[in-house]
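Here is the structure we will look at.
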Amino acid sequence: MTAKLKTPGVYIQEVNAFPNSVVPVPTAVPAFVGYTPQASLDGKTYFNVPTKIKSFAEFQSIFCYPDTPAPATPKKQYHPEYYLVKQQQEPEIGSYIKIAGDFYAILPDPNTMYYMYNSIRMFYENGGGDAYIVSVGAYGSPSKKPMRLGDQIVNRNVRLNDLQNGITLLKKESEPTMYICPEATLLSVANNGTLMQAMLLQNSEMETAISIFDVIGGNTPDSILYTNGINTFRNNTGVQGLSYGCAYYPFIGTTIMQQWDIDFTNLFGGDIKALESILLAASDTNDKTSEILKIIQNPKDSDLTTAQLNDALLNASPTYSLIIRNVLAEANMLPPSGAIAGVITRTDNQEGVWKAPANTSIVSVVSLPIKLSSQQQEGLNVDAVSGKSINAIRVFNGIGILIWGARTLDGNSNEWKYLPVRRTLIFLEQSCKLATQAYMFEANDTNTWKAVKGIINSFLVSIWRQGGFQGSKPEHAFFIKCGLGETMTAQDILNGVMIVQVGVALLHPAEFIVFSFQQEMKISN
């Protein structure tokens, strides 16, 4: 300034009293990739456009059908179709009901199965906040036939290229910290493996996000052969970027869909005659049931809405009510990834990214398709061959359903086996990276090195005070190095390279708590 002083007088020069600081980046911002009812707002399309939302209401306004004016029946945002297929004997697998002495398997039209909508609902039920939505398309046409009993659900409308393109679009977005494809399990096993490997590779290249996976077969696991699906999953995830991925098993039985979400339009592809033949065979059929069925088949003769007719049929026919309850339970069986993202968000907000999102319940979950024991979980949690850990969701008597694991897929690594460790490192790395961008093109000298170390030190001290590191003192919790002869050579400086080395003592979850007891002999006087 003195070089500019030419006129005598008094001049004021403001000096910055506070240095730059590290602003913590968000830690729980999932990116959901999948199919939505629609994707438009005010005439603008949002298909294949990563869109940030802050609430479920905002998701509805862009990606859901608009509300129809009363008294018309609202259009369903998700409309799965199910068939009741008569069996020669009691089925050994899958869901079924018994009507008039006959067994009927409850089988979906696989082309009507989608998980994105309800997964996002579960995310917000469990404490979700900001999220990115990548809608890769709208719902496709139904096949108008049920899948075969025992087959994997493969939706031909869910395409690998669509989901891969949606994941690729996230390369331009640095804010998402979790990738979730709820409909990945609706792909074939081979395509599901290709997608998972692509997600992990992108995660490891960007170093900003993890992927949360679901396991094919987790919706209808066999109590003995369920390990086949686990092995298939492990064989299809590849070997790249395993510390950036985690998986949860099995699917979860939720209450996210209510009785009004399923009605006779969800049965037999809307064929009321097929439903009528089953209801008429039941012993509880009465004239009122037959009358309602006639009105449903000839809606022009009545002003009643679909919802009103469905309520009337539920009241008139216990058999129909039984069918709806069982179909609803099937529709409510969801992959857990969306709910897990909500739990992670809730845990981060309440305690911090270093807290393991485990030993906690999942809101709106009431059942599991398999009740894993401690012995059964052993093979999921620790695998000597592949090292790919899978986190179990388990039922505990008197407590409820809990997430009982916090491992990445890199389960044999001493450094990266735990999910909170990987996520905490991502948080620290990205926060420091963004903060030090202010020093780009500054002189690569002692003053800059001290400034960089100062802002990082203040940031890490704040994390230590929140309980994010081990150590009773800051110097026990972390160290920061930056300087000539310490982290850089003279050649590094000539090349314009400034190297900052940061070491942190991260917290590891107490996964195994062992008590040692011994008897103490009483010595007589």
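The values are calculated or read from the model by the stated rules, or taken from the named source; none is laboratory data. Because the structure is a prediction, the values reported are computed rather than measured. We place every Cβ from the backbone using ideal geometry, glycine too, and count neighbours over all the protein chains shown. We work out accessible area using only protein heavy atoms, side chains counted, and drop any ligands, DNA or RNA first. Shrake-Rupley method; radii C 1.70, N 1.55, O 1.52, S 1.80 Å.
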Exercise for the section: Can you run down the residue pairs with Cβ atoms below 6 Å, 6 or more apart or on separate chains, where the first is in segment 253-280 and within 22 Å of V366 (Cα to Cα) and the partner is part of a helix (DSSP H, G or I) and open to solvent by 10 Å² or more (accessible area, probe 1.4 Å)? Expected result: I256/R121; I262/L328
Exercise for the section: Would you mind stating whether A31 is in contact (Cβ under 8 Å) with a residue 12 or more places away in the chain, over 23 Å from I344 (Cβ atoms), buried (at least 21 other Cβ atoms within 10 Å of the Cβ) and within 21 Å of the chain's Cα centre (by Cα)? Expected result: no
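Search segment 362-380 for residues being assigned to a strand (DSSP E or B) and over 15 Å from the mean Cα position of the chain (by Cα), and hand back the single one that is nearest to S95 (Cα to Cα).
The initial filter retains those residues of segment 362-380 that are assigned to a strand (DSSP E or B), namely 365-367.
This time we only want the ones that are over 15 Å from the mean Cα position of the chain (by Cα), so: 366-367.
Working: V366: 17, S367: 14 Å.
My answer is S367.
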Handout entry: Every residue from segment 161-195 that is of a type in the set (G, A, S) and in contact with a strand residue (DSSP E or B) (Cβ under 6 Å, 6 or more places away or on another chain)
Key = G166
Practice task
Please indicate, with yes or no, whether at least one residue in segment 20-30 is in contact with a strand residue (DSSP E or B) (Cβ under 6 Å, 6 or more places away or on another chain) and at pLDDT 95 or above.
Solution key: yes
Completion exercise
Selection over segment 95-106 where residues are in contact with an Asp or Glu (Cβ under 9 Å, 6 or more places away or on another chain) and open to solvent by less than 50 Å² (accessible area, probe 1.4 Å) yields a count of 3
Problem - Residue count for segment 383-407, restricted to those that are open to solvent by 20 Å² or more (accessible area, probe 1.4 Å), in contact with a Lys or Arg (Cβ under 9 Å, 6 or more places away or on another chain) and of a type in the set (A, V, I, L, M) - result: 3
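Mind telling me which of the residues Y139, Y117, Y132 ends up being under 22 Å from the mean Cα position of the chain (by Cα), open to solvent by 50 Å² or more (accessible area, probe 1.4 Å) and in contact (Cβ under 8 Å) with a residue 24 or more places away in the chain? Please lay out each step first, then the result.
Values: Y117 fails: open to solvent by 50 Å² or more (accessible area, probe 1.4 Å); Y132 fails: open to solvent by 50 Å² or more (accessible area, probe 1.4 Å).
After ruling out the rest, the residue left standing is Y139.
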Practice task
Can you give me the ranges of the strands (runs of 3 or more DSSP E) entirely in segment 59-176 with at least 3 residues that are within 30 Å of L304 (Cβ to Cβ) and at pLDDT 95 or above?
Solution key: 82-87, 102-108
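If you take the residues of segment 247-262 that are in a loop (DSSP other than H, G, I, E, B) and in contact with a Ser or Thr (Cβ under 6 Å, 6 or more places away or on another chain), which of them is most open to solvent (accessible area, probe 1.4 Å)?
Narrowing segment 247-262 to residues in a loop (DSSP other than H, G, I, E, B): 250-251, 255-258, 262.
Of the ones still in play, those that are also in contact with a Ser or Thr (Cβ under 6 Å, 6 or more places away or on another chain) are 255-256.
Working: T255: 53, I256: 12 Å².
Selected residue: T255.
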Problem - Residues (in a strand (DSSP E or B) and aromatic (F, W, Y)) located in segment 210-229 - result: F213
Practice task
Can you confirm whether segment 260-281 contains a residue that is over 24 Å from K144 (Cβ atoms) and not aromatic (F, W, Y)?
Solution key: no
Handout entry: Answer residue from segment 274-290, given it is of a type in the set (D, E, K, R) and either touching a strand residue (DSSP E or B) at 6+ places or on another chain (Cβ under 6 Å) or open to solvent by 60 Å² or more (accessible area, probe 1.4 Å) (or both) and is nearest to F264 (Cα to Cα) among those
Key = K288
Completion exercise
Within segment 218-246, the residues that are out of contact with any strand residue (DSSP E or B) (no Cβ under 9 Å at 6 or more places or on another chain), open to solvent by 50 Å² or more (accessible area, probe 1.4 Å) and either of a type in the set (V, I, T) or at positive phi (or both) are I224, T227, T232, V239
Problem - helices (runs of 4 or more DSSP H) enclosed by segment 433-525 - at least 2 residues per element that are among the hydroxyl-bearing types (S, T, Y) and either over 30 Å from W404 (Cβ atoms) or open to solvent by 40 Å² or more (accessible area, probe 1.4 Å) (or both) - result: 446-465
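A quick yes/no check of all residues on (1) open to solvent by 20 Å² or more (accessible area, probe 1.4 Å); (2) among the hydrophobic types (A, V, I, L, M, F, W, C); (3) at positive phi:
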{"position": "A316", "(1), (2), (3)": "no, yes, no"}
{"position": "D348", "(1), (2), (3)": "no, no, no"}
{"position": "E351", "(1), (2), (3)": "yes, no, no"}
{"position": "S374", "(1), (2), (3)": "yes, no, no"}
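For residues that are hydroxyl-bearing (S, T, Y) and open to solvent by 50 Å² or more (accessible area, probe 1.4 Å), scanning just segment 142-181, find the one that is nearest to P420 (Cα to Cα). Give the derivation first.
Initial filter on segment 142-181 (hydroxyl-bearing (S, T, Y)): 143, 168, 174, 177, 179.
After this cut, where a residue has to be open to solvent by 50 Å² or more (accessible area, probe 1.4 Å) as well, the list is 168, 174.
Details: T168: 25, S174: 19 Å.
My answer is S174.
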